[in-house]
1. Return the tail of the calculated pair distribution for the chain, meaning the percent of Cα-Cα pairs more than 35 Å apart.
2. Multiplying the sequence separation of Lys190 and Glu204 by 0.36 nm and subtracting their Cα-Cα distance, what value in nm do you get?
3. Distance in nm between label sites at Asp296 and Asp280, each 7 Å beyond Cα in the beta-carbon direction?
4. I need Arg103, Arg159 ordered by Cβ neighbour count within 10 Å, fewest first.
5. Fewest Cβ neighbours within 10 Å first, please rank Glu183, Glu226, Glu149, Glu111 accordingly.
6. How many angstrom lie between the C-alpha centres of region 175-215 and region 41-93?
7. Quote the FRET efficiency, to the nearest 0.05, computed for Arg43 versus Arg229 with a Förster distance R0 of 51 Å and r equal to the Cβ-Cβ distance.
8. Under 20 Å between alpha carbons, and skipping anything fewer than 8 positions from Lys208 in its own chain: which aspartates and glutamates qualify?
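What follows draws every value from the coordinates through simple rules; no lab data is involved. A quick note: this is a predicted structure, and the numbers were derived from the prediction, not measured. In this analysis, Cβ positions are derived from the backbone assuming ideal geometry, glycine residues included, and neighbour counts consider all displayed protein chains.
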Amino acid sequence: MNIQASAGPAVVRPGSLGSVHAEPLTCHIGAEVHGVHLGDAARDDTLFAEVKALFLRHMVLFFRDQDITRADHVAFARRFGPLIDHPVAGSHPDHPGLVLIYRDEEKAPYENNFHVDGTWSPTPPLGAVLRCIACPPVGGDTIWVNMVEAYRQLPEEVRRRIDGLRAKHSIEHSFGAVMPIAERRALAEKHPMVEHPVVRTHPETGAKILFISSFATHFANYHTPENVRFGLDKTPGASLLLNYLQSQATVPEFQVRFRWRPNSVALWDNRCTQHYAVKDYWPAPRRMERAGIAGDAPY
């Protein structure tokens with residue numbers, strides 16, 4: 001399947017592919033899907049194909065009232081590929097690849113930053129299926145960002161500068177930061193820093209994607225005669241460019257914001273989106289369960 005990303009705003013009207021009805025939520029990203037139970041989609045090839053086509057078109061899909069079992073949850077996610085564990089968060093003992101993101105403690109770790117899941121891995125996740133188990137009556141929304149549109153709307157001069165540029169990504173600088181030094185070093189040894197293109201190509205749609213997020217620490221190949229005249233250009237210049245690229249995820253026109261309810265599910269394409277969990281709900285609890293889907297090496 002090869003669905004090319006549109007060069008302009010999406011047509012905002014309800015759409016349907018067979019039995020599944022999708023309502024776009026913004027011009028560039030996100031649709032709420034009606035008329036499908038994810039447990040059925042896990043077992044029905046035709047139904048799954050409809051959902052997959054909408055997934056590639058809208059980048060993130062939302063499903064309400066999904067009273068499904070954990071077995072259904074992981075079975076649906078596995079239709080996209082094998083599931084993966086998280087090296088820090090772990091997963092459910094009976095359902096490998098199902099991560100429990102339970103924010104019940106008095107002061108939960110911060111989570112409110114724009115990021116692409118797992119770019120510290122040589123093969124970041126293809127996507128994820130996130131289900132709400134419990135949430136506050138208000139607050140705790142999640143934002144997703146269309147990074148195809150973020151790349152498309154970059155100034156031409158910036159697109160030229162980042163063509164061929166590569167960035168280093170690290171788990172040590174993020175999850176490892178709160179660990180004692182010995183644990184942090186062990187985490188870094190087990191998951192050494194990796195390198196990815198700043199602009200990747202979507203393996204199914206062919207779209208160009210601004211593939212940079214908060215796990216990126218620095219550029220690997222910036223220090224060249226084309227980019228550096230004086231010492232000031234080297235580190236400060238590269239850092240300013242990295243910060244500018246990371247800031248593109250904050251543009252509201254590229255975003256969709258979703259308000260959770262129990263049994264709501266989000267399915268997103270991790271290859272072409274970023275997301276941000278809004279932490280405005282403490283001391284109310286927020287309990288989510290996520291199945292991460294194995295991906296491939298960006299190119």
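1. The answer is 18 percent, as a whole percent.
2. Gain on extension, Lys190 to Glu204, equals 2.0 nm.
3. Result: 4.0 nm between the two label points.
4. Working: Arg103 21, Arg159 15.
Ordered from fewest to most neighbouring Cβ atoms within 10 Å, Arg103, Arg159 come out as Arg159, Arg103.
5. Values: Glu183 11, Glu226 7, Glu149 28, Glu111 14.
Fewest to most other Cβ atoms nearby, the residues stand as Glu226, Glu183, Glu111, Glu149.
6. 23 Å
7. Working: r = 61 Å, r/R0 = 1.19.
For R0 = 51 Å, the calculated efficiency reads 0.25.
8. Result set, ordered by chain and number: Asp117, Glu149, Glu156, Glu157, Asp163, Glu195, Glu253, Asp269, Asp296.
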